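K.L.:
Sharing a structure below in structure tokens format, with a few things to ask.
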Amino acid sequence: MKFRSFLTVLITVLLMLICGPCLADEYLPVNFDAAQPVISELKIYEGIVIDGTDVSGKTLSEAQSIIDALHLSLVDEPLSVRFGDTEFAVTFGQLGLRYTGGDICADVIRYGNTGGLLGLYKSLVDLKTDGYEFISDYSIDENALRRYVFETLGAVSTAADATITLKDGKFIITPDHAGITVDEQKTYEAIISAIEEKGPRSGIKVEGTAQVTEARVKAADLEMVTDKLGSCSTNVGGSSNRADNVALGASKINGLLLMPGESASASDLMEKRDAEHGYKKAPQYVNGKSEDAIGGGVCQVSSTLYNALLEAELQIDERHNHSMLVSYLPASQDAAISDGYKDLKFTNNTEYPIYIEGRSVNRVCTFTVYGHETRDANRKVEYKSVITSQSTPADKIVYDKNQPTTYKKTTGTRHAATKSYLEKIVYENGKEVSREVISKDSYQGSSKVITIGTKQPEVKPADPSTTPAPTVPVAPTTPAEPPSEPSDSDEKDGGE
């Protein structure tokens, strides 16, 4: 024990002999243990830094003012997160930076002035050679940092697809750009590590972890949309509500872009047929009858689109005929839609993007399919509707005893019960090379309903002294109402 004390004194003396001459007078320590000095009169040793700021030679109050201003300014300083050439910035204030320590400057001014003699001289030598940095106690709001990394960086780092629109007969294409898929957890840990290494300070740059993602739709691909592949127009009849529904449904499909291999649903594209989505009441087929319902008429949209797709020879994945014939297209060329069980679905089976234009103006609904024509110029396609059987039900007579004999009213529409199929015929150089049946369909028949009143007018008894009693005609026997034609489904066709 005595030997160890002797060794400590010897090392101290040697250090004083070696280091003493190289230390200026201002580096000679004040021993706080021996005599309590007035702290405010002391100056901080050369080489001392607080939070990256040199406070050498400053008094306690001077240093405190500098550090207080530094902490205040750091709230607005940015922390940069880089992913290759892409850089994002967030301020320390947005990350919830707070300084939680006490009076760090009072601790700093004691550096080199407290402790044993050996420790004091070692501290001074370290200052002379390497300097020393103090870091204030602080905290970062973990939730704010997580929100920034997992939400903000995740949202702004997605790739942007090129877009295409048709205006005044010309296509306008916006460019694409690549994006990044951020590894949020690794990026979060990198930010924490960078701040913990030296504390919050201006100029911190963090290399985030991410993978580059290419845009799904590139401008170079869209530039291949150069040709009209198929088109169809139909006349829109019926009420103004029905015409509005057709125009609305067509507008919701207008501008559809399908990349190679992508599929679409006409029902989904037109959205739910309800008032919230802008649709109105108009006739639609229900159980072989025409009834008013919200969205009536939208089947004309899908049917017109169907024929444009056929002409473009795109792949049809799902198609249904109506329960009864429609007036705007031949048999087997219609395509009914109904929420839940009837839809028109199709796929871009070409090697190039497909752009679909849809509109209904002045009661003419038109769909045009654009893409890149690869079919031979000498190849022509024709679609032919063929009716194999057809019969028209007789009108249905209904007698109404509550209406006078002069009453007669006709309701409903006469539709022929029809069986048909659609053929696709291909010609090359003017010669038929193939003939294919696309679909076989059955349509229900429907009758007009004629209602006739049978109520006889009241006859007032005549004065027997002046007028003989009139002969009262016998009311016709009311025949039993013929049974309704059986319905083979309970479908709603979404409009004729």
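The values are calculated or read from the model by the stated rules, or taken from the named source; none is laboratory data. Keep in mind that what you see is a predicted model, and the values were worked out from it rather than measured. Note that we place each Cβ from the backbone using ideal geometry, even for glycine, and neighbour counts take in every protein chain shown.
K.L.:
Scanning for something outside the structural domain of GLU357 (by TED's automatic domain parsing), in contact with a helix residue (DSSP H, G or I) (Cβ under 8 Å, 6 or more places away or on another chain) and touching a residue at least 40 places away in the same chain (Cβ under 8 Å), does segment 215-230 turn up at least one residue?
P.N.:
No, segment 215-230 contains no residue that is outside the structural domain of GLU357 (by TED's automatic domain parsing), in contact with a helix residue (DSSP H, G or I) (Cβ under 8 Å, 6 or more places away or on another chain) and touching a residue at least 40 places away in the same chain (Cβ under 8 Å).
K.L.:
Answer yes or no as to whether VAL75 is of a type outside the set (Asp, Glu) and in contact with a Ser or Thr (Cβ under 9 Å, 6 or more places away or on another chain). Give the steps one after another, and end with the answer.
P.N.:
Working: of a type outside the set (Asp, Glu): yes; in contact with a Ser or Thr (Cβ under 9 Å, 6 or more places away or on another chain): yes.
Yes, satisfied.
K.L.:
Which pairs turn up if I take residues in segment 384-411 that are over 30 Å from PRO330 (Cβ atoms) and look for partners that are of a type in the set (Gly, Ala, Ser) and part of a strand (DSSP E or B) with beta carbon separation below 7 Å, at least 6 apart in sequence or on another chain?
P.N.:
Close Cβ pairs satisfying both conditions: ASP400/GLY453; GLN403/GLY453; PRO404/GLY453; THR405/GLY453; THR406/GLY453; TYR407/GLY453.
K.L.:
Let me ask something additional. In segment 299-378, which strands (runs of 3 or more DSSP E) lie fully inside it and hold 1 or more residues that are surrounded by fewer than 23 Cβ atoms within 10 Å (Cβ to Cβ) and in contact with a helix residue (DSSP H, G or I) (Cβ under 6 Å, 6 or more places away or on another chain)? So that I can check it myself, show each step before the final result.
P.N.:
Working: elements: 315-318, 345-347, 354-361, 364-371.
Output list reads 354-361.
K.L.:
Which ranges mark the strands (runs of 3 or more DSSP E) fully within segment 383-496 that have 3 or more residues being closer than 30 Å to ALA312 by Cβ and either at pLDDT below 90 or touching an Asp or Glu at 6+ places or on another chain (Cβ under 6 Å) (or both)? Outline the logic, then answer.
P.N.:
Numbers: elements: 396-404, 408-411, 417-428, 431-443, 449-455.
Counting at least 3 such residues, we get 417-428.
K.L.:
Between VAL156, VAL236, which is on the phi < 0 side of the Ramachandran plot and modelled with pLDDT of 90 or more? Before you say what the answer is, go through the steps one by one.
P.N.:
On the way: VAL156 fails: modelled with pLDDT of 90 or more.
Exactly one of VAL156, VAL236 is on the phi < 0 side of the Ramachandran plot and modelled with pLDDT of 90 or more, namely VAL236.
K.L.:
While we're here: Residues of segment 191-217 being hydroxyl-bearing (Ser, Thr, Tyr) and either in a loop (DSSP other than H, G, I, E, B) or more than 36 Å from the chain's Cα centre (by Cα) (or both), which ones?
P.N.:
Residues of segment 191-217 that are hydroxyl-bearing (Ser, Thr, Tyr), as a first pass: 193, 202, 209, 213.
Result: SER202, THR209.
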